[in-house]
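Since every read-out is calculated from the coordinates, none of them should be taken as a lab result. Just so it is clear, the structure is predicted and the values come from calculations on it, not from any experiment. Here the Cβ positions follow ideal geometry from the backbone for every residue, glycine too, while neighbour counts run over all protein chains shown.
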Amino acid sequence: MQRYVVRRIAALAATLVFVSLLVFAVVRVLPGDPALIILGLEANPDSVARVRQELGLDRPMPVQYAQWVGRALRGDLGRSIQYDLPVSTLILTRLTVTLPLTLLAAGLMIGAAIPLGVFAATRHRRWGDYLTMTLSQLGVAVPGFWAGLLLILFFSVHLGWVQAGGFDGWGQGVWPALRSLLMPAAALGLFQFAVLARTTRSAVLEVLREEYVKTARAKGLAERRVLFRHALRNALIPIVTVAGVQLGQLLAGSIILESVFYLPGLGRLTLAAISARDLPVVQGVVLFVASMIVMVNAAVDILYGLLDPRIRYG
Amino acid sequence: MRSHPGRHVTFVIGLVITLALVATAAVSLVYTPRDPLEMSIAGRLQGPTLAYPLGTDQFGRDLLSRVMRGAITSILVGVIAVGIGMLVGVVFGMLSGYFGGWLDEGFMRLVDAVQGFPAILSALLLAAVFRPTLTISMIAIGVAFLPVFARLTRASFLEFRDRDFVVAARALGAGDGAVIGRHIMPNTLPPLIVQATISFPVAILAEAGLSYLGLGTQPPNPSWGLMLREAQAFLGLNPWYAIFPGGAIAVTVLGLNLLGDGLRDLLDPKTMA
């Protein structure tokens, strides 16, 4: 047990080293001088030399990498050129939008997908099942950002019920803030909702064929009890795995939805940084988000092993 | 018993939509109702009319012609991105599964790391370093597919590398290259083909998303995602502008998904309950 967890954590550490190497490689090793990217190709040689020195670009590659990773580990991701603020401060500020958006989308996704998937499984090959599966086919096909645009078109432009986007911050109270995140979260969670509903349906269907379910039914247990006590509990393992991996996808997807709804989160920070040639910000955000995704995936993996001994010893 | 492909409803609907997509793209190479780049300031942001069945955009360009031409971009990105992911992923998975040991451990951690970079994240980083282009979006999407192809190939190689026919081939003096290329590789193909059909619509969705953010296809070239980006500013003036390109994406992805599901059912008797 302990060995399994230690081994997984060691693997995670190795993976994180690769994540940092990949980011570093794209920014530093691939052709292209960060100083020129920041200053533009017409920059005068003196300022290029100054920026190169400020960024430590005049030192050997391995030294630069070691310094960059060392600082990143202490939470120092460099300084934004555009805002003249630490990149980590910018990330933390913008996370107050991106993280609630991601979690709200995850909540909506799980809250809708699991009951619907169970419902479909219990109506296997009847209209309820077909209807649910058709819905989920549509959910997988509709791009989230287009769903967002359609929501704006309907609720804001057509009905005029809500504003078409924007976010006034948490200072105005939790409810108004949550309300402006609701439409984006629904659009963001749509695709993953459809995937999770399908996963839940097939996981429950599979468990319902097991012998212990037959035994439970033979004992005369009520169908509801069989379903929730015996079937769903066991079906949860694959469901939790998929949902966990989806968390990372939602975090990445929020970058697009923030643009649709003009939310001042990590995604818009990064897009603006690309236009402003603010390389430290882009590098910092990408490193941060990729590391988060890898860590969530590893956590799900560890959890999976804890829940299911067959994985641990397999 | 295998059902006849012609009677598999999912498969047939998927096939019809996919053929329509390919036909649209092919036709748009030689014919579009109007020049997709021709502007007409007088006819800006019109709704659907007889002259412009899908209406016009903010420069008065014909949306039908642009949506048709956009199909080429989608197919192109789908094929190239999946191709990149498959090619690199298969090489990684092959070396990992065949040689095992430290090489395997290293490659798999690298693959775990790549999994931390969904297309959007790689595209942001690459766009910051190189400027956004269609090529960059294809590479970013391809990289995102690498892990799944690497894992699939690795699993197949682990399964086959110690089988009798492989051991026999080796005993007869076949080198690593011949064992991999001639004896194991052909057996790994069916799951890879299924995965490629599943990945294709995902790539189209990713391209649309990146173009929407301005990280993919650049104006004035038609791409469905880019059209939606431009349409957003005019939602109140011409809602159709935002509806048709998005509809094209959704129908295309739906068709490809149905085709993939149908193919999987038809090819794999295990899933036929």
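Here are the numbers:
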| read-out | value |
| --- | --- |
| Rounded to the nearest 20 debye, dipole of the protein assembly as shown from Cβ charges on Lys, Arg, Asp, Glu | 1640 debye |
| Residues listed by number, the range A:92-108, amide nitrogen under 13 Å from A:Tyr83 label point at 7 Å toward C-beta | A:92-98 |
| Shielding by partners, peptide A:11-22 (average Cβ within 10 angstrom, other chains) | 5 |
| Using a Förster distance of 56 Å, the FRET efficiency for A:Ala218-A:Val63 (Cβ separation, nearest 0.05) | 0.20 |
| Nitroxide proxy distance, nm - points 7 Å out along Cα→Cβ at A:Asn44 and A:Phe228 | 7.5 nm |
| Whole-Hz couplings from phi, Karplus 6.51/-1.76/1.60, listed for the range B:49-60; x for Gly and Pro | 9, 5, 5, 10, x, 10, x, 10, 9, 5, 9, x |
| Using θ = phi - 60° and Karplus 6.51 cos²θ - 1.76 cosθ + 1.60, couplings along the range B:180-185 (whole Hz; Gly, Pro as x) | 5, x, 8, 10, 8, 3 |
| Sequence-distant residues sharing a close amide H with A:Arg79 (under 5 Å, placed H) | A:Val87 |
| For B:Arg161, distant residues with modelled amide H under 5 Å away | none |
| Mean Kyte hydropathy of 1.6 or more with a Cα span along the axis of at least 30 Å, helices from DSSP in chain A | A:87-122, A:279-307 |
| Gaussian network model of chain A, Cα within-10 Å springs - most flexible of A:Leu85, A:Leu190, A:Leu149 | A:Leu85 |
| Kirkwood Rh (inverse of mean 1/r, distinct Cα pairs), the range A:56-95, angstrom | 11.0 Å |
| Of the trypsin sites (Lys or Arg not before Pro) in the range A:39-130, those whose Cβ has at most 10 other Cβ within 10 Å and which sit in DSSP loop | A:Arg74, A:Arg125, A:Arg126 |
| Two-decimal ratio, the protein assembly as shown, of alpha-carbon radius of gyration to 2.2 N^0.38 Å | 1.02 |
| 222 nm mean residue ellipticity, helices alone, for the protein assembly as shown (DSSP H n ≥ 4; -39,500 (n - 2.57); rounded to 500) | -24000 deg cm²/dmol |
| ³J(HN,Hα) computed for each position of the range B:98-108 - Karplus, 6.51 cos²θ - 1.76 cosθ + 1.60, integer Hz, glycine/proline x | 7, 8, x, x, 5, 4, 4, 4, x, 4, 5 |
| Charge dipole of chain B about the Cα centre (unit charges at C-beta), most positive-ward option of B:Leu15, B:Asn187, B:Met138 | B:Leu15 |
| Length-normalised contact order for the range A:213-314 - Cα pairs under 8 Å, 6+ apart - percent | 27 percent |
| Candidates per chymotrypsin sites (Phe, Trp or Tyr not before Pro) in the range B:1-98, loop by DSSP, up to 15 other Cβ within 10 Å | B:Tyr31 |
